[in-house]
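Scroll down for the structure; my scribbles are underneath it.
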Amino acid sequence: MNTALINMAMQTTLAAIEPRTIAQRAAESAHENLWITAGYFLAAIVGVALLLSFLGMALIYIERKVAAAFQCRIGPNRVGPWGLLQTVADTLKLVFKEDFVPQMADRTLHMIAPFLALLVPVVLLALIPYSPALQVADLNIGILFITAIGGFGVMGILIAGWSSNNKWSMIGAMRAGAQIISYELSATLALLVVVLFSGTMSLTGIVQSQEDGWWIWRGHAAGLCAFIIYLVASTAELNRTPFDIPEGESELTAGFHTEYSGLRFAFFFLAEFINMFTVSALTATLFLGGWMPFHIGDWTSFNSAMDAIPPSIWFLGKVTAIIFVIMWFRWTFPRLRVDQLMHLEWKVLLPIGFANLFIAAIIVLANAYPYPVAGQ
Amino acid sequence: MNYVFYIAAAVAVFSTLMAITRANAVHALLYMITSLLSSSLIFFVLGAPYIAALQAIVYAGAIMVLFVFIIMMLNQGPASTEQERVWISGKTWVGPTMLCAVLLAELIWIVRGDPAWLPGKTIIHPKDVSKALYGPYILVIELASMLLTAGLVGAYHLGRREPERREGES
Amino acid sequence: MAVIPVEHGLMLATVLFSIGLLGLLVRRNILYMLMSVEIMLNAAGLAFIVAGARWSQPDGQIMFMIILTMAAAEVAVALALVLRFYRQFQTLDTDAANTMRG
């Protein structure tokens, strides 16, 4: 069989580039030479830092260009070629601004809050499988870990709002807290559907389970439904329009970061965009097959053509597509009111999510996937 | 990995002590979250990754955020912090500390000298826990769900704002 | 993984429990008392986990999950009560609630 040959070839290539995470390599080298372990740690930290700054620059530029395109404008085009250096210029401006702390604010907490807000998405960056060989750590409780860490994003926002000692900050933070905690339920229910289907909680394991088809269509309607729920819920967790009531400019000036300026404001800004990337990357990993190429049943030549594209390009392409969709939301839907927001979560998404999980469990029990799972 | 346990234990004890001695409610809560997170790390070291994640999700992520929410809703301001400072200063501590020290001494005397060592390299995976949970312990699930329903109904009933009473009624 | 004497794990649990009890006895603000109760519950859970790890059985973790569920339900009800308390007495001092039919 030709497909079997291709599969074998793929497995050998995968084995050749040693699909081991950086954490595993570090742990292995710990027995021999501690300096190599330190080197791996340094590599991971530097890599994540570089990725962070690159993502910040790229996403803000893309957001501006996409927004401009939706509004029939040109967008940034003065600083550097095609306005590429606009974000750099803005960052420099923010760096040189005064780092202002209100007199009545809780000084320490006010200073810490932006770092807490940024910490969460950065930790999540370490878990995402970018390609078979590139991942910092692959935990066997990956999904649980993501939910656990993701829940802390709200702490940074709550602390920022409380410590500013400002009514607007406070109301914004309370709204953000209520919103994030509520929508986390739906997002977790959608994640559980994928865990049910793939039978593992490790992210690499989930990607590998999608070799015969991505969960978005292999799980019948349940996969698609979970995908939509997850996308909506995580857009709400990002506090982006149409769910941006925590920082609705027209009512709360800027919500929880009203009192922030300079570099600390930049941290909140960066955290929002990195969050957008991690959410998109997780969506791509869980529902769209991560770095798995697109395959159609027995179309061998088509499949091999798809295999020729490197996995990391696949991953980036999927993530970019989802980021574009999230940006698209912003210019399509009007902002929700607080009661509409709660109505959507508790009376629409949550019941559907529970029903969906139930149906997914039935599908798994009946073993009724359209494509047979490779290992079974 | 032994060091991880002892460092996390030290952090847990220190932050718990700080949590019960702070006058500012939000500071106390943040110390408490630190304490819960370090005990989550301890669970991880002891080979219970599932519980470690649950601890972070439920305790630190949900219960503590609820606390923060309530504190922010009541938003008492600096006056209550001063009041708190008066309450917790001085002789209030003497009696309870002695009683707790006696209790602690007794408890430590009981647990002391167990020759057993926690076996290395046994991690109890989520799968094993789930198998036990949905096998012999199925009643626990039912119990937990009933408990949560009761909690939900109770919280809703108690938290509901009653319609304003008119003058004359009491 | 770690090789730690069982008694160290249990000692940590007892220390945390005692600190929680101390907080419960000393504080007068109902919020802090609730937090101290949480500390004590968590310490009890820690003891269960240590015992479960001692025998490499999942039972300890299941007991911890019961404690967790109970803590969640307890906090939901208790915080609703705190709100109610504050509305009634305009304070969080537990001594304010020393009369019935308040």
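Derivation of every value follows stated rules applied to the coordinates shown; laboratory data play no part. Because the structure is a prediction, the values reported are computed rather than measured. As a convention, Cβ positions derive from the backbone with ideal geometry for all residues, glycine included, and neighbour counts pool all protein chains shown.
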> All other residues with a Cβ under 15 Å from the Cβ of A:F329 taken together, and with Lys, Arg as +1 and Asp, Glu as -1, what is their net charge?
Replying inline: -1
>> So if I place +1 on the C-beta of Lys and Arg and -1 on the C-beta of Asp and Glu, and nothing else carries charge, what would the dipole magnitude of the range A:96-365 be about its Cα centre? I want it in debye, nearest 20.
In response: 280 debye
> Which loop chymotrypsin sites (Phe, Trp or Tyr not before Pro) in the range A:79-120, with loop taken from DSSP, have no more than 14 other Cβ atoms within 10 angstrom of their Cβ?
Replying inline: A:F96, A:F100
> Once you mark the GluC sites (Glu not before Pro) that are in a DSSP loop and have at most 12 other Cβ atoms within 10 Å, what is the longest gap between them in chain B?
Replying inline: B:1-163
> Pick from B:V13, B:V86, B:V111: which is most flexible by mean-square fluctuation in a GNM of chain B where alpha carbon atoms under 10 Å apart are linked?
Replying inline: B:V111
> Roughly what would the spin-label model give for B:A105 and A:D212, points 7 Å off Cα along C-beta, in nm?
Replying inline: 6.8 nm
> Which loop trypsin sites (Lys or Arg not before Pro) in the range A:311-362, with loop taken from DSSP, have no more than 11 other Cβ atoms within 10 angstrom of their Cβ?
Replying inline: A:R337
> If we count other beta carbons within 10 Å of each Cβ, what is the order of B:L41, A:L127, B:L152, fewest first?
Replying inline: B:L152, B:L41, A:L127
>> For chain A, what does the relative contact order come out to in percent, with C-alpha contacts under 8 Å and a separation of six or more?
In response: 21 percent
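Select from chain B the helices, each a whole stretch of DSSP H, whose alpha-carbon atoms run 27 Å or more along the helix axis and whose Kyte-Doolittle mean is at least 0.5; answer none if there are none.
Answer set is B:2-21, B:25-45, B:138-159.
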>> If the elastic network links every pair of Cα atoms under 10 Å, which of A:A236, A:A361, A:A222 fluctuates the most in the Gaussian network model of chain A?
In response: A:A361
> Who wins for biggest fluctuation among A:I326, A:I362, A:I180 in a Gaussian network model of chain A, springs between alpha carbons below 10 Å?
Replying inline: A:I362
> Average projected area of the Cα convex hull of chain C, in nm²?
Replying inline: 7.5 nm²
> Is chain B rounded, prolate or oblate when judged by the Cα gyration tensor, a ≥ b ≥ c being the square roots of its eigenvalues, rounded requiring a/c under 1.5 and prolate requiring a/b larger than b/c?
Replying inline: oblate
>> With a cut-off of 8 Å between alpha carbons and a minimum separation of six or more residues, what is the relative contact order of the range B:2-120 in percent?
In response: 22 percent
>> Under the rule a/c < 1.5 gives rounded, and otherwise a/b versus b/c splits prolate from oblate, where does chain A land using the Cα gyration tensor?
In response: prolate
> For chain B, what does -39500 (n - 2.57) per DSSP helix run (n ≥ 4), summed and divided by total residues, give at 222 nm, in deg cm²/dmol to the nearest 500?
Replying inline: -22500 deg cm²/dmol
> Sorted by mean Cβ packing within 10 Å, highest first, what order do the peptides A:65-75, A:268-278 take?
Replying inline: A:268-278, A:65-75
>> As an exercise, identify the trypsin sites (Lys or Arg not before Pro) in the range B:68-114 lying in DSSP coil whose Cβ has no more than 12 other Cβ atoms within 10 Å.
In response: B:R112
> If Lys and Arg each add +1 and Asp and Glu each add -1, what is the summed charge of the other residues whose beta carbon sits under 15 Å from the beta carbon of A:L238?
Replying inline: -3
>> Neighbour counts of other C-beta atoms within 10 Å: give me B:V102, A:V48, A:V122 arranged from fewest to most.
In response: B:V102, A:V48, A:V122
> Out of A:T283, A:H343, A:S301, whose Cα points farthest toward the positive end of the dipole of the range A:259-343 (charges: +1 Lys, Arg; -1 Asp, Glu; placed on Cβ)?
Replying inline: A:H343
